[in-house]
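Trainee: Once you've had a glance at the structure underneath, I'll fire off some questions.
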Amino acid sequence: MSQSHGNSKTGTTTETKISEKIQVPPLYRVILHNDNYTTRDFVVWVLQEIFRKDEADAVSIMLLVHNNGMGVAGIYPFQVAETKVEQVSQLAERHEFPLLCTFEPNV
């Protein structure tokens, strides 16, 4: 974007450029944590329903959670990450699983 300023005495025009910077919101990793009670099938289902992962990606993430103790389900802006964590917690509670889902800054 630019603005023009004219000087009627000299007949010259000066342009001032105004740059607009769009700030990208900080992102957060949504993490699923392993436990000894939540079934693998339930974790895959959660990844498909809440995080919109296809079956192959959901199984891959579930195996990371199972083998490493945790896995990243997705990376989102704060409010989306917060909502995803709440959705997972509600589904897990409704199905009587202790599945833990948290989020942290993606640094």
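The values are calculated or read from the model by the stated rules, or taken from the named source; none is laboratory data. Just so we're clear, the structure is a prediction, and the values are computed from it rather than from any experiment. Methodologically, a virtual Cβ is constructed for each residue, glycine included, from the backbone with ideal geometry; neighbour enumeration extends over all protein chains shown.
Trainee: So Val88 passes all but one of these: (1) of a type in the set (A, V, I, L, M, F, W, C); (2) touching a Cys at 6+ places or on another chain (Cβ under 6 Å); (3) surrounded by fewer than 17 Cβ atoms within 10 Å (Cβ to Cβ). Which condition number does it fail?
Mentor: (3)
Trainee: Also, I was wondering about something else. Search the range 31-62 for residues being within 21 Å of Asn106 (Cβ to Cβ) and in contact (Cβ under 8 Å) with a residue 60 or more places away in the chain, and hand back the single one that is surrounded by the most Cβ atoms within 10 Å (Cβ to Cβ).
Mentor: Ranking the qualifying residues of the range 31-62, first place goes to Leu32.
Trainee: When the range 28-64 is examined, which residues are found to be under 11 Å from Leu99 (Cα atoms) and of a type in the set (A, V, I, L, M, F, W, C)?
Mentor: Passing the criteria: Ile31, Leu32, Phe42, Val43, Val46.
Trainee: Still on this model: Please specify each residue of the range 1-41 satisfying the condition of being assigned to a strand (DSSP E or B), β-branched (Val, Ile, Thr) and at pLDDT 80 or above.
Mentor: Listed by number, the residues that qualify are Val30, Ile31.
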